[in-house]
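Notes follow the structure.
The values are calculated or read from the model by the stated rules, or taken from the named source; none is laboratory data. A quick note: this is a predicted structure, and the numbers were derived from the prediction, not measured. Note: ideal-geometry Cβ built from the backbone for every residue, glycine included; neighbour counts use all protein chains shown.
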Amino acid sequence: MTLMEFLLLLRDAIPGGIRLAIPLIFTALAGLFSERAGIFDIGLEGKMLAAAFAAASLAFVTGSPWLGLAGAIVVAMAMSLVHGFASITNKGNQIVSGVALNFIAAGLTVVLGQAWFSQGGRTPQLANDARFGAWEWPAVDAIGEIPVIGWIYRFVISGQNTLTYLAFLAVPISWWVLYRTRFGLRLRAVGENPGAVDTAGISVTFLRYRAVLCAGFLCGFAGAYLSVAQSAAFIKDMSAGKGYIALAALIFAKWRPVPVLFACLLFGYLDSVAIRLQGKSMPFVGEVPVQIFQALPYILTVVLLAGFIGVANPPKAGGVPYTKER
Amino acid sequence: MSAAAGPLPPWVNYGLMPVLNLTVAFLISGLVVWFIGESPWEAMTVLLQGAVGYGEGIGFTLFYATNFIFTGLAVAVAFHCGLFNIGGEGQAYLGGLGAALVALSLGDLMPWWATMPFAVLGAALFGAAWALIPAWLQATRGSHIVITTIMFNFIGSALMVYLLVNVLIVPGAMAPETRIFAEGGQMPKLGWLLALFGLDIRAAPFNVSFLVALVMCVVVWALIWRTRLGYEIRATGTNPTAAIYAGIPYVRTVVVTMLISGGLAGMMALNPVMGASARLQVEFVGGAGFVGIAVALMGRSHPFGIVLAAILFGILYQGGNELSFWIPTISREMVVVIQGLVILFAGALEYMFRPALARIFARRPKPSPAVAAKA
């Protein structure tokens, strides 16, 4: 491959990268709400998967993507409540609870899918109007003629589906909720020093429950995106580790909303490049194994955690159940 | 919460509470089965019959249990040091590489009993190596070990796929796996052991790794409760500050503990790689690393408890396979659901019944004469 072809490949990977980043953005923001409130959430993967299944099933039965989305949100929030019940009310181990939810989601989606649709854990193919379709922006052909901007307008801004635009909207909203509202201030405080929040007369339990519910809400969007927007059915294990990549992105972004967006875009882009580079050789380097690109998000995160790219300070009370003083 | 109510008698803590938790997990599993329109009772009979009802089933159950003993021990050793090793999955995967390299090179030259010590060592070494960086980062730079070990699971998976697809693959073959090991690189079956009880294991891959696992249980028990290092591990796990103050080197203890933990997880690979398929395949670990967390929790991080919990999960695994075979509406993934529910109720919701049990069973301090006089 010549240098020019390689550069074109890098450019063409951008739209795909954005599409791959959308579920990461929703999920990483979900993790943001949960972890900033001091509740570790390894179960993001499971919530996304269960939400994807709920969305595809409901969209198939009702024919409406919006009802699918609603179902996805309800299911993911219900799982959040289980996580909350284990880790907030019963002061159980948050990691173990997350692992358990991942197992349950991975199993139950297939068991129910097989029992309901008898397609080996798949849900039936969705018709086009049961999915979130792409929005065609006005005058794509005219504006598309302009050099750089036209390309961006045609392939990046236009032609995305509703959930994609919502993902980009979710970032400033999350920022605003976390940094500009009383709820957000308290949520961040409860992740750093729950004792202080309790002393101020605010219920740590209720606050943390609301935080995990926010996480479930956002995971619902991620799941619906996977099965009702990106593809047209639920496929067994379709989240394929995206929940963990989102977790890595969250850490890579040092638990802050706007960097979360960029981390997710970066990881999505790496994935997109890897898909296009499969079996091709890069200029100067030769053929690079795809697996390097697949492992890169995790490697970057470990390097960051090691303190070689700035310092990542997790919320101080993260993972520690709060026990009121007696 | 309950801590104020005083300690529970051991039989409640180690017997009644896990049994209650398991019962709830199974009840909910039964509800799932009932919900998809099958009889929970029938499903349970099929599951138990398939897992412990005949020789081959028992062979498979013990084969799966072997995996879980190794990963359970790995998690437990780390628990004793206050570390959460969630990377058993990746460490076992890399352990498979160590075992396979030994089996491929020495298996052609030597009989199995001569290869085995090297294979055990190779698997342990590679598994331990995969735990080294997370351990070192946790000890010296405070990077959260849960996160780093998760990341290493994925890095390990990518590395192994690369090696299997590009390096270890049989030239010209399609499947990403190594060649079949020679006789000397395989673990012999343990059919004779079950034959003593009049059972015939037939095709079940129950093999010598099971004995290695049992030996490791004894080794871990001795290490944790009978050696100086074990004492240091437990001291660091209970209170790192006090341990450091008492002169126990924190960095060394954490790193050594994680190396042992990773080594144990790595040894798990002996069972499926050298004992069953006789070649290294993609994704052979199949979640056993995560199940180890549940096994260690249920076994209360004690080797004896771990063996019991591992057998329980072995029963679930094998029984679940039979279940999907005999009742096709219940898919194989039902096992995963049951495992998840067991992890949830026996692990995360471990203490759900504690307050209630404490009210019934807690050893109340005898009322002092002063209090008695007032009353």
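Looking at A:VAL212, A:VAL228, A:VAL302, can you tell me which residue is β-branched (Val, Ile, Thr) and without any contact (Cβ under 8 Å) to a residue 60 or more places away in the chain?
None of the others qualify; the one that does is A:VAL302.
In the list B:ILE28, B:ILE69, which residue meets the criterion of being more than 14 Å from chain A (Cβ to nearest Cβ) and in a helix (DSSP H, G or I)?
Only one candidate passes the filter, namely B:ILE69.
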Checklist entry - If B:GLU350 satisfies every condition in (1) in a helix (DSSP H, G or I); (2) surrounded by 18 or more Cβ atoms within 10 Å (Cβ to Cβ); (3) at pLDDT below 90; (4) within 12 Å of another protein chain (Cβ to nearest Cβ) but one, which is the exception? => result (1)
Next on the checklist: Please go through (1) within 13 Å of the chain's Cα centre (by Cα); (2) surrounded by fewer than 19 Cβ atoms within 10 Å (Cβ to Cβ); (3) on the phi < 0 side of the Ramachandran plot for A:ALA263 and return the number of the only condition it doesn't satisfy.
Outcome noted: (2)
Next on the checklist: Pull out all pairs, ordered by first then second residue, where Cβ-Cβ is under 6 Å, the residues are six or more apart or on different chains, the first lies in segment A:103-114 and is facing chain B (nearest Cβ under 7 Å) and free of Cβ contacts under 8 Å to residues at least 40 places away in the same chain, and the second is outside any helix (DSSP H, G or I) and polar (S, T, N, Q).
Outcome noted: A:VAL111/B:SER331; A:GLN114/B:SER331
Checklist outcome for this item: Among residues of segment B:323-334 being assigned to a helix (DSSP H, G or I) and more than 7 Å from chain A (Cβ to nearest Cβ), the residue surrounded by the most Cβ atoms within 10 Å (Cβ to Cβ) is B:LEU323
Checklist entry - Between a first residue in segment B:143-170 that is more than 9 Å from chain A (Cβ to nearest Cβ) and a second residue that is hydrophobic (A, V, I, L, M, F, W, C) and surrounded by fewer than 24 Cβ atoms within 10 Å (Cβ to Cβ), which pairs have beta carbons less than 6 Å apart while being 6 or more apart in sequence or on different chains? => result B:LEU164/B:VAL282
Item to check | Residue satisfying all of: in segment A:227-246; in a helix (DSSP H, G or I) and out of contact with any Ser or Thr (no Cβ under 8 Å at 6 or more places or on another chain); surrounded by the fewest Cβ atoms within 10 Å (Cβ to Cβ) among these | outcome: A:GLN230
Next on the checklist: Return the residues of segment A:28-73 that are farther than 10 Å from A:CYS219 by Cβ and hydroxyl-bearing (Ser, Thr, Tyr); say none if nothing qualifies.
Outcome noted: A:SER57, A:THR62, A:SER64
Checklist entry - Can you name the condition, by its number, that A:ALA127 falls short on among (1) of a type in the set (Gly, Ala, Ser); (2) within 14 Å of another protein chain (Cβ to nearest Cβ); (3) touching a residue at least 40 places away in the same chain (Cβ under 8 Å)? => result (2)
Checklist entry - Across segment A:273-299, what is the number of residues that are among the aliphatic types (A, V, I, L, M) and either over 23 Å from A:ALA28 (Cα atoms) or in contact with an Asp or Glu (Cβ under 7 Å, 6 or more places away or on another chain) (or both)? => result 5
Checklist entry - Is there a residue in segment B:48-70 that is over 18 Å from B:LEU316 (Cβ atoms) and surrounded by fewer than 24 Cβ atoms within 10 Å (Cβ to Cβ)? => result yes
Checklist entry - Just wondering, is there one or more residues in segment A:227-241 that are in contact with a Pro (Cβ under 9 Å, 6 or more places away or on another chain), more than 26 Å from A:PRO65 (Cβ to Cβ) and of a type outside the set (Asp, Glu)? => result no
